[in-house]
Amino acid sequence: MRQRTRPTTHADRGLEWLSAIVMIGWALVLMQPGDTIAAGNMHELLRHGLSESDIMLVFGLAGAARVAALFINGRYPRTPIVRMIGATAGFLLWTNISLFLLAGTFMADGVVTTGLAVYVPLALADLLSIYRAAFDARYQRR
């Protein structure tokens, strides 16, 4: 007789940790004195009414919340919904950063920046993390 195996949850959370740490890194860089965004190629963010303080706060809070959720999830695995929310926030943030970067460099200057090679994969990694957390949430309900 064939033994039925239970599907395992996605225990590898490396992509989620990476995205959260990069978010915190963004916040730490933006905390430094000076106009980091205005000096770089992300000036399109400022044109839409966002300040460096706003961006720093959003990325800092999102990154810290994700780190806390991932830490708790490592101790108490019944929190995939919180992980899914964090991955959705990451997907939206990285997608928007990619679009602002595209608008600020390619549309204005016709130049593709290397930042797109970083932020688009981060957005896609968070999209995969949403799927994995959703799978874990479905599995936890059984």
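The values are calculated or read from the model by the stated rules, or taken from the named source; none is laboratory data. Note that the coordinates shown come from a computational prediction; the quantities given were computed from them, not determined experimentally. Reconstructed Cβ throughout: ideal geometry from the backbone, glycine too, with neighbour counts over all protein chains shown.
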Any hit, the stretch 24-42, residues being among the aliphatic types (A, V, I, L, M) and within 13 Å of the chain's Cα centre (by Cα): yes
Matching option when the condition is assigned to a helix (DSSP H, G or I), of a type in the set (S, T, N, Q) and over 25 Å from GLY40 (Cβ atoms), among THR95, THR88, THR105: THR88
Boolean, LEU50 is without any contact (Cβ under 8 Å) to a residue 40 or more places away in the chain and either of a type in the set (Gly, Ala, Ser) or outside any helix (DSSP H, G or I) (or both): yes
Boolean, THR79 is more than 20 Å from ILE21 (Cβ to Cβ) and surrounded by 18 or more Cβ atoms within 10 Å (Cβ to Cβ): no
Residue list for the stretch 108-142, filter: surrounded by 15 or more Cβ atoms within 10 Å (Cβ to Cβ), closer than 16 Å to HIS43 by Cβ and of a type in the set (Val, Ile, Thr): THR113
Residue among VAL67, VAL112 that alone is outside any helix (DSSP H, G or I) and either of a type in the set (A, V, I, L, M, F, W, C) or within 15 Å of TRP17 (Cα to Cα) (or both): VAL112
Flag if GLY90 is in contact (Cβ under 8 Å) with a residue 40 or more places away in the chain, touching a Ser or Thr at 6+ places or on another chain (Cβ under 9 Å), under 27 Å from VAL112 (Cβ atoms) and surrounded by 13 or more Cβ atoms within 10 Å (Cβ to Cβ): yes
Residues located in the stretch 93-107, provided they are over 20 Å from ALA69 (Cβ atoms), of a type in the set (Phe, Trp, Tyr) and surrounded by 19 or more Cβ atoms within 10 Å (Cβ to Cβ): PHE100
Exclusive hit being modelled with pLDDT of 80 or more and either over 16 Å from ILE85 (Cα atoms) or loosely packed, with under 14 Cβ neighbours inside 10 Å (or both), set MET31, MET23, MET42: MET31
